[in-house]
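Written below as structure tokens is the structure these notes are about.
The values are calculated or read from the model by the stated rules, or taken from the named source; none is laboratory data. For clarity, every value in this text was computed on a predicted model and none was experimentally measured. Methodologically, a virtual Cβ is constructed for each residue, glycine included, from the backbone with ideal geometry; neighbour enumeration extends over all protein chains shown.
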Amino acid sequence: MITAREALERLREGNRRFVAGVRHIDLLINQTRLSDLVSGQEPFAIILGCSDSRVPVEIIFDQGLGDLFVIRIAGNIVASSQIGSIEFAAVRFGTPLVVVLGHSYCGAVQATLEELMRPMKNQSRNLRSIVDRIRPSVEPLLETDIRFNPEALLQQSIWANIRVSANHLRYGSEVLEELIEKEKLLVVCAEYCLETGIVDFFDGIPEAE
């Protein structure tokens, strides 16, 4: 298995290909990997991303079958099932990198801001469960002057939500904490820009050697 640093660079390279509109030649003939993957998998990165249809993880990172272990949920929030899935991949496959991937103009974050400013009486409890996970990330921002700038408020809220999810993984699981402590796992944050297709990695990025 590659290192977390190598896995991160592999994602960066794949995203650069995606932005340039060039696919990796190996992925174009990936059907030959089908039989190899029947017996097992070795994903080099775990991605916790948003369910938004505009952010298809394997495509924006230009990766193929068996490369990524992907968990998608509205607002890239963290609950027990997401933690369990990440623990499973990190322990079972030795995957060294977790990326919490948010994106610009996230609808789930926007819905949370709207709910906090104009509460809905008839919101379903299932949707509310998503809003309640995002709420702690954005409430502090509504107590600052940034609340008067809707565009900046949404952007800052998206970043805050990504960071909170990442920290929930870093400090909310004994299994993941132990792997991180032993330097067998790295958790980083990232945001996908809908306009440009560029993924910006931040928070938790290892220093250059």
The one condition residue 85 fails out of (1) free of Cβ contacts under 8 Å to residues at least 60 places away in the same chain; (2) over 16 Å from the mean Cα position of the chain (by Cα) is (2)
When (1) modelled with pLDDT of 95 or more; (2) touching a helix residue (DSSP H, G or I) at 6+ places or on another chain (Cβ under 9 Å) are applied to residue 155, the one that fails is (2)
When you scan segment 162-170, do you find a residue that is modelled with pLDDT of 95 or more, under 30 Å from residue 17 (Cβ atoms) and either more than 16 Å from the chain's Cα centre (by Cα) or charged (D, E, K, R) (or both), even just one?
yes
Restricting the first residue to segment 121-146 and requiring it to be under 18 Å from residue 52 (Cβ atoms), which pairs with a second residue that is assigned to a helix (DSSP H, G or I) and among the hydroxyl-bearing types (Ser, Thr, Tyr) meet a Cβ separation below 7 Å and a spacing of at least six or different chains?
131/112; 134/112; 137/157; 138/112; 138/157
Read through the list (1) closer than 25 Å to residue 176 by Cβ; (2) out of contact with any Leu (no Cβ under 9 Å at 6 or more places or on another chain); (3) assigned to a loop (DSSP other than H, G, I, E, B); (4) touching a residue at least 24 places away in the same chain (Cβ under 8 Å), then give the number of the only condition that residue 12 fails.
(3)
Considering each residue of segment 66-81, count those that are surrounded by fewer than 23 Cβ atoms within 10 Å (Cβ to Cβ), modelled with pLDDT of 95 or more and assigned to a helix (DSSP H, G or I), and give that number.
1
How do the pairs read when you match residues in segment 45-67 that are more than 14 Å from residue 12 (Cα to Cα) and in contact (Cβ under 8 Å) with a residue 24 or more places away in the chain with residues anywhere that are among the charged types (D, E, K, R) and in a loop (DSSP other than H, G, I, E, B), using Cβ under 6 Å and keeping only pairs 6 or more apart or on different chains?
none
